[in-house]
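Computed from the coordinates by the stated procedures, all read-outs in this text should not be read as laboratory data. The structure presented is a predicted model; accordingly, all values stated were derived computationally and were not measured. In this analysis, Cβ positions are derived from the backbone assuming ideal geometry, glycine residues included, and neighbour counts consider all displayed protein chains.
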Amino acid sequence: MREAAVKIQGLTKAFGANNVLRGIDLDLPKGQVTALMGANGAGKSTLVKVLCGVHPANSGDVRLYGEPFKPGSPSEAIKAGVVTVHQSINDGVVPDLDVASNLMLDELAGGDGFFMNKRAIRAKARKLAEAIGLDVDVQREVSELGLADRQLVAIARAMAHEPKLLILDEPTSSLSAKEAARLFELIDRLRAQGVAILYISHRSSDIKRIADRIVSMRDGKISGVFEGETLDYEGAVKAMLGRAMSEINLDIPTAGEAILRLEGLALRADSKPFSLDLRDGEVVAITGLVGSGKSELADVLYGQARPAGGTMRLKGAPYAPRNQAVAIRAGVFRTPKDRASNAVIQGFDITKNITLPFMGRHSSAGFINRRSERDTTQRMVEELGIICQHQSDDIGSLSGGNQQKVMVGRWMAEASNLLVLDEPFQGVDIQARRDIGAKIRETAKGRATVVMVAEMDEAVEIADRIIVMGDHTIKGEHRNENIDLDKVLAQVAGAGESEQIHAG
Amino acid sequence: MELAIKYGFLALMAGMLIFFSLATEFFATPRSAVFIFQSVSITGILALGVTATLVVDGFDLSIGSTATSALMLSSYVMVVWEMSAVWAVLFCLVMGALVGLVNGLLIVKMKVPDLLATLGMMFLLIGLQRIPTEGRSISTGMVMPDGRVTEGVFAPEFLYLGRHKFDFFIENLIPVSVVVLLVLGFIVWAFMELTRHGRLMYAIGSNERAAELAGTNVNRYKVLAYMISGVLASVGGILLAARLGRGDIASGNNLLLDSVAAALIGFAVLGAAKPNVFGTIIGALFIGILLQGLTMMNAPYYTQDFVKGAVLVVALVFTFALSKRGGAH
């Protein structure tokens with residue numbers, strides 16, 4: 001291996017009781033592109049945030065060309081030569097300023113003097129833009145530029161610091177193929193200049209095109225490093241998702257009648273239509289990488305997006321919800337992922353959080369019936385084993401796992417036709433995960449259940465049937481009995497051409 | 001510390017009452033109580049509206065000008081159009097609801113930030129209320145821009161709203177406006193605390209996205225909050241007109257700041273750390289007592305503004321820095 005630009009040893013980071021990084025050992029060689037893969041919650045973004053100075057590490061050692069590197073702030077990291085281009089492009093640019101000011105922003109923010117020398121700024125900016133092949137008038141406002149050019153502006157801005165390590169966080173997620181090609185040419189040039197590049201992405205095409213090595217992360221640790229002539233992308237996906245070693249023995253029932261039938265459903269105009277039956281009493285896990293179409297499918301089921309084509313039938317009747325309120329009335333419920341921003345009402349107690357969607361059931365003539373609320377909450381606290389002093393405890397006083405139980409309980413308190421659980425095990429300890437999983441299976445009769453999960457062992461732990469999504473369509477489906485995980489993982493990784501699927 | 005946060009403001013208010021009673025000769029008299037009640041009631045009614053918008057994490061800067069518009073409109077209806085008190089009140093309530101509706105639609109449909117939308121509405125109303133009379137106050141016998149002399153009068157039942165005082169142990173103690181405040185306060189409190197609509201509005205204020213994903217019609221509740229605010233502001237304006245007995249162009253300047261201060265002080269009452277009706281009314285009372293006390297100590301008007309501002313800052317520190325749930329709003 002080449003000389004390491006960055007050497008990370010035993011890096012740890014915890015937020016409260018939540019250990020996010022549990023000892024990262026990683027070298028990033030100069031002049032090479034290291035692709036970093038990891039599922040949601042594996043700790044990728046925390047690692048990036050430690051490296052770019054947003055969070056301090058708890059322990060461990062980071063060296064940049066042999067020198068200790070402990071940035072106290074993002075600007076310190078930049079000065080030391082570690083430059084990051086963040087995933088959401090608009091974090092990297094100021095839309096209302098012109099290109100020149102954007103390129104020289106760090107100098108403006110940290111520079112000397114009071115007045116700006118506009119001419120000098122423009123001249124410097126032009127040079128930077130030229131160096132990376134950004135072909136725009138530096139006096140144009142960034143808000144007039146397209147996404148790709150904005151991204152190039154963000155990267156060019158980073159280049160002003162002559163970076164030793166360049167971190168690119170999902171840089172192609174909003175670029176077209178042509179725009180991405182331009183980005184790759186730029187990365188090739190930077191690599192030739194000896195910059196170490198940490199490239200975070202899930203796209204196999206990106207990784208195959210650009211990466212010299214792949215590093216997989218899982219549960220806050222490096223779970224695999226793949227180098228050499230031909231990169232083992234599938235191996236990296238397996239290392240990232242983990243081999244399921246479940247002690248849970250599922251008793252897979254025969255599924256009942258189809259409750260929801262998807263026929264020729266196209267999530268995007270250019271994606272392949274698929275059909276799928278979701279049956280009474282059945283728990284279906286849908287898995288796939290970020291961008292595989294899982295979230296889009298959940299949105300369509302819950303009335304937050306319209307499919308590009310195809311039809312849905314709920315218990316025989318056409319089902320095309322305009323919005324979530326219509327979906328809820330039809331008995332289609334969804335627990336969203338990322339509970340902190342999408343589900344938890346801070347300042348409300350457990351009861352108020354649980355009864356939120358069904359206030360109508362707990363009130364007459366608009367007035368709330370506290371007894372009915374309390375009874376429902378008591379039932380959910382007992383059934384899900386929510387650990388609390390009292391049901392009037394503020395939601396913020398609960399642990400992450402218990403908060404998640406409350407969020408699941410919110411939608412299990414009423415009978416549903418279809419329950420969609422989007423990443424219900426995110427940020428949840430193993431005990432809470434088992435409790436929630438067991439409850440989902442136990443109550444499955446009478447409804448169809450869909451669980452969206454990225455991690456394979458979660459899917460194996462909970463599902464009767466596992467469906468793999470990719471490219472916004474179904475890539476494979478497997479009954480969860482003597483399941484061939486290698487085949488599932490190959491489908492997740494996008495190898496193994498998709499077979500003709502008509503599920504159900 | 002917990003106790004200080006919870007009861008600090010009530011203790012401060014009690015201390016203030018004792019201080020003013022000892023420091024001035026006439027503070028602890030029924031007459032001064034009437035003054036306090038009278039000044040508190042209109043501020044308090046407007047502050048209830050501010051509370052409704054704060055609950056959905058919004059803000060209404062147009063309440064002061066909505067109230068003064070109602071003041072001018074009710075005068076115009078009775079004095080120029082020579083219509084009855086009932087019509088005057090109805091016109092004002094409809095105007096308040098319309099202003100709230102427009103505010104709400106600007107915010108939820110046009111995506112104008114709440115502060116800017118209601119600031120724009122404030123300027124618009126300040127100008128609009130002066131156009132029909134070319135900037136003059138409205139009273140019986142005034143000359144209109146077209147040369148006509150107005151002959152209408154303020155109906156006696158309208159003036160009753162502003163001037164009558166009920167007996168309560170002592171003769172003429174409780175002004176009608178105080179009864180209106182208590183009734184409206186109870187209604188808004190019941191709506192916010194006891195009905196599912198109030199619950200959902202608090203949910204929107206805490207996490208709009210989560211409330212929406214739980215099936216709440218967020219836009220409808222936000223518009224409703226601004227309409228409540230507009231209607232309550234117009235009630236305040238009606239009571240002000242009834243007290244003054246003329247469409248005084250210069251009245252109501254302090255209404256916005258006083259009522260916003262009352263609602264924000266309400267955050268600190270009993271450590272609620274969120275907008276709440278009970279706290280708002282206590283906040284309005286607090287400001288009323290403070291102003292009356294300072295007036296009786298012959299403090300000039302500008303020191304009153306200073307003290308009011310200082311109290312507000314202290315109340316906000318109580319709410320946000322000292323209580324652990326400071327980030328909840």
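Once Rg and the Kirkwood radius are both taken over the C-alpha atoms of the range A:179-268, their ratio Rg/Rh works out to 1.17. Among the residues of A:337-344, the average count of other protein chain beta-carbon atoms within 10 Å of the residue beta-carbon is 3. What are the GluC sites (Glu not before Pro) within the range B:106-195 that DSSP puts in a loop, where the Cβ has at most 11 other Cβ atoms within 10 Å? Those that pass, being in a loop and sparsely packed, are B:134, B:151. Beyond 15 Å, the tail of the calculated P(r) for the range A:384-464 holds 55 percent of the Cα pairs. Its Cα gyration tensor gives the range A:365-409 an equivalent ellipsoid, and the semi-axes of that ellipsoid, as √(5λ) in whole Å with the largest first, are 20, 11, 9. Once backbone amide H atoms are built at 1.01 Å from N, residue A:347 has A:395, A:396 as its partners under 5 Å, excluding neighbours fewer than 5 places away on the same chain.
Remark: C-alpha extents of the range B:2-324 on the principal axes read 64, 56, 35 Å, sorted largest to smallest.
In plain terms, the residue of B:133, B:53, B:140, B:319 with the fewest other Cβ atoms within 10 Å comes first and the most crowded comes last, giving B:140, B:133, B:319, B:53.
Here the protein assembly as shown is treated as an ellipsoid with the same Cα gyration tensor; its semi-axes, largest first and in whole Å, are 58, 35, 26. Coupling constants for the range B:264-275 follow from the phi torsions by the Karplus curve (6.51 cos²θ - 1.76 cosθ + 1.60, θ = phi - 60°), and in residue order they are 6, 4, x, 4, 7, 6, 6, x, 5, 6, 7, x Hz; glycine and proline get x.
Size descriptor for the range A:301-409, Kirkwood hydrodynamic radius: 15.5 Å (Cα pairs only, one decimal). Among the GluC sites (Glu not before Pro) in the range A:224-333, those placed in a DSSP loop whose Cβ has at most 13 other Cβ atoms within 10 Å are A:229, A:247, A:257. Counting only aspartates and glutamates at least 8 places from residue A:475 when in the same chain, those with an alpha carbon closer than 12 Å to its own are A:497, A:499. Our Cα-only numbers for the range A:258-493 put the radius of gyration and Dmax at 17.7, 57 Å. Given +1 at the Cβ of Lys and Arg, -1 at the Cβ of Asp and Glu and no other charges, the dipole of the range A:293-424 around its Cα centre is 500 debye to the nearest 20. The residues B:282, B:204, when put in order of fewest to most other Cβ atoms within 10 Å, stand as B:282, B:204. Scanning chain A for chymotrypsin sites (Phe, Trp or Tyr not before Pro) in DSSP loops with at most 14 neighbouring Cβ atoms within 10 Å leaves A:116-504 as the longest stretch between them.
Once C-alpha pairs closer than 8 Å and six or more residues apart are averaged by separation and normalised to the residue number of the range A:258-493, the relative contact order reads 30 percent. Under conditions of 20 °C and 1.002 mPa s, the range A:349-432 yields 162 µm² s⁻¹ as its translational diffusion coefficient, taking Rh as the Kirkwood radius over Cα pairs in the Stokes-Einstein equation.
Overall shape of the range A:92-160 was characterised from the C-alpha gyration tensor. The equivalent ellipsoid obtained from it has semi-axes of 18, 12, 11 Å, in decreasing order. Report, for the protein assembly as shown, the % of DSSP beta bridges that are antiparallel, rounded to 5. Given both bridge residues lie in the protein assembly as shown, the antiparallel proportion sits at roughly 60 percent. Could you tell me which of the pairs A:445/A:487; A:405/A:439; A:315/A:445; A:352/B:6 are separated by over 19 angstrom between their Cα atoms in the structure shown? Those over the limit are A:445/A:487; A:352/B:6.
For the range A:393-484, the share of DSSP beta bridges that are antiparallel, to the nearest 5, is 55%. Using only side-chain charges placed at the Cβ, +1 for Lys and Arg and -1 for Asp and Glu, the dipole size of chain A relative to its Cα centre rounds to 780 debye. Cβ-to-Cβ counts within 10 Å put B:164, A:362, A:478, A:390 in ascending order as A:390, B:164, A:478, A:362, the fewest first. Counting only C-alpha contacts under 8 Å and six or more residues apart, can you give the relative contact order of chain A as a whole percent? About 16 percent, as a whole number. Calculated on C-alpha atoms, the gyration radius of the range A:1-140 divided by its Kirkwood radius gives an Rg/Rh of 1.03. How much of the calculated P(r) for the range B:16-118 lies past 22 Å, in percent of all Cα pairs? That tail contains 50 percent of the Cα-Cα pairs.
Across the alpha-carbon atoms of the range A:254-297, the computed radius of gyration and Dmax are 12.0, 35 angstrom. Applying the Karplus relation 6.51 cos²θ - 1.76 cosθ + 1.60 with θ = phi - 60° to the range B:90-104 yields 3J(HN,Hα) values of 4, 3, 5, 4, 5, 4, x, 5, 5, 4, x, 4, 5, 3, x Hz, where x marks Gly and Pro. Extent of the range B:193-268 along its three principal axes (Cα atoms, max minus min coordinate, largest first): 50, 26, 21 Å.
Dipole size of the range A:258-493 about its Cα centre, with +1 on Lys/Arg Cβ and -1 on Asp/Glu Cβ: approximately 900 debye, rounded to the nearest 20.
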